[in-house]
Amino acid sequence: MTDKTWDATWDAVDRFIADHLLENDPALQAALEASEAAGLPAINVAANQGKLLMLLALAIGARRILEIGTLGGYSTIWLARGLSPGGRLITLEANPEYAEVARANIVRAGLAEMVELRVGRAQDTLPSLAAEGPFDLIFIDADKPGTPGYFQWAVKLSRRGSLIIVDNVVREGAILDASSDDASVEAMRRFFELAATDPRVTGTAIQTVGAKGHDGLAVLLVTSAP
Ligand SMILES: C[S@@+](CC[C@H](N)C(=O)[O-])C[C@H]1O[C@@H](n2cnc3c(N)ncnc32)[C@H](O)[C@@H]1O
């Protein structure tokens, strides 16, 4: 792993972007405040990334969304705001205490009708979703070592035209280190191998810098039915 690189300009530019392009959504702000008050780690997506998730959902007219890794429901709220009328989002969270905070945040955002939170390890809850797919958009943002397995599930739970979005794929550049014994880095390298060799998907990844540091987001399109 290289030394942590950080530039205060990144934070400032994130604020500039938010000031210009992000509407003030009291429910999202309240979700962050309630999550902090409950002691949840601040590992939610940045606001501009949250809005990107919402825009992608809106752009594809998503009616079914699956999220793996809820935390306090911040990205859940963004994604649910992108659902088409009558749409539904299922979000998976392993930690029951985090799930409780997320539930309250989702209710406060007025999204309880369209969001279902399932508590349990995604490895255990994903198999039960086969009958509820296919999903139009799947966002993977849980434990990083689980990512390759979640990606394989995401493809199974997709249809032609589904989007699969994976967070934290660059890890401050540590993704370059083939000899890394960091389980998250190894997992992301494995994810890239899977994504590169699976004929059913085509994708890309972009590096991101900002309030959350240097990382990356992968976006994959499912091009043939799994
Ligand atoms: C990075 S946070 C999710 C952040 C959230 N997507 C957001 O942006 O607001 C990762 C979450 O995954 C949860 N998690 C960890 N291992 C998990 C597992 N095996 N199954 C489901 N959730 C898991 C953690 O408890 C944590 O809440």
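Overview of results
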quantity	calculated
Calculated FRET efficiency for the pair L55/N24, C-beta based, R₀ 25 Å, to 0.05	0.90
Potential extension, A183-A37 segment - 0.36 nm per residue separation minus Cα distance	49.6 nm
Distant alpha-carbon pairs in the chain (separation over 29 angstrom), percent	23
Charge dipole magnitude, Cβ of K and R +1, D and E -1 - region 160-219, Cα centre, debye nearest 20	340
Dipole axis of region 98-219 (+1 Lys, Arg; -1 Asp, Glu on Cβ), positive-most option in T197, G210, P134	P134
Fewest-first ranking of H20, H214, using other Cβ atoms within 10 Å as the exposure measure	H20, H214
Most fluctuating residue given options L21, L194, L163, as computed from a GNM of the chain linking Cα atoms under 10 Å	L21
Most to least packed among 91-102, 171-182 [average Cβ atoms within 10 Å]	91-102, 171-182
Proxy reagent accessibility, fewest Cβ within 10 Å first, across M188, M114	M114, M188
Cα-centre dipole for region 102-226 with unit charges at Cβ (Lys and Arg positive, Asp and Glu negative), debye to 20	340
Ranked list, fewest to most other Cβ atoms within 10 Å of each Cβ, for W78, W6, W153	W6, W153, W78
Highest-first arrangement of 65-72, 9-16, where packing means the average Cβ count within 10 Å	65-72, 9-16
Gain in span if fully extended, W6 to A112, counting 0.36 nm per residue against the direct Cα distance	34.4 nm
Proximal aspartates and glutamates relative to K156, as straight alpha-carbon distance under 16 Å, when same-chain residues fewer than 8 apart are discounted	E67, D124, E132, D136, D198
Sparse-neighbourhood loop sites, GluC sites (Glu not before Pro) in region 104-165 - DSSP loop, at most 12 other Cβ within 10 angstrom	E113
Calculated SAXS-style log₁₀ I(q)/I(0) at q = 0.10, 0.24 Å⁻¹ - region 66-174, Debye, Cα scatterers	-0.26, -1.45
For region 154-226, the Rg and Dmax computed from alpha carbons only, in angstrom	13.0, 37
Rounded to the nearest 20 debye, dipole of the chain from Cβ charges on Lys, Arg, Asp, Glu	900
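Read the figures in this text as sums done on the coordinates, not as results from a lab. What you see is a predicted model, and the numbers here were worked out from it, not measured in a lab. When we count neighbours, we look across all protein chains shown, and the Cβ atoms used for this are built from the backbone with ideal geometry, even at glycine.
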